[in-house]
Amino acid sequence: MNAIVDALKTFCQLSGPIVNVYKTKMMELKAVQPRHYVSFAYKRELIQVVQRFKYLGIDVPRQIGELYTMGPRIQAGWNSYYMYEN
């Protein structure tokens with residue numbers, strides 16, 4: 001992860017984007033048991049380690065499964081459709 005953060009810092013320095021650390025989250029996806037990170041930082045600002053987060057309105061859990069993440073969105077779409085029909 002440190003190599004990835006270093007690459008991100010270099011990219012931002014060369015091309016100009018700014019990382020909003022308060023909106024940045026860290027989540028390990030492939031581990032059977034999530035590791036407990038003491039701390040993880042970008043430019044001395046701590047990054048929150050989470051078990052799930054929202055991305056473009058979609059809940060993304062650590063254990064990703066298509067039906068688990070998309071199911072609620074599909075159901076919400078059908079509910080809106082039925083409300084429109086009525």
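Each reported figure results from applying straightforward, stated rules to the coordinates on display, with no laboratory input. All values derive from a computational prediction rather than experimental measurement.
Go through the stretch 10-24 residue by residue and turn each phi into a ³J(HN,Hα) via Karplus (6.51, -1.76, 1.60, θ = phi - 60°); whole Hz please, and just put x for glycine and proline.
4, 4, 5, 5, 7, 10, x, x, 10, 8, 8, 5, 6, 9, 8
Skipping prolines and chain starts, which residues have an amide H placed within reach, meaning under 5 Å, of the one on Val60, given they are 5 or more residues away or on another chain?
Distant-sequence amide H within range of Val60: Phe53, Lys54, Tyr55.
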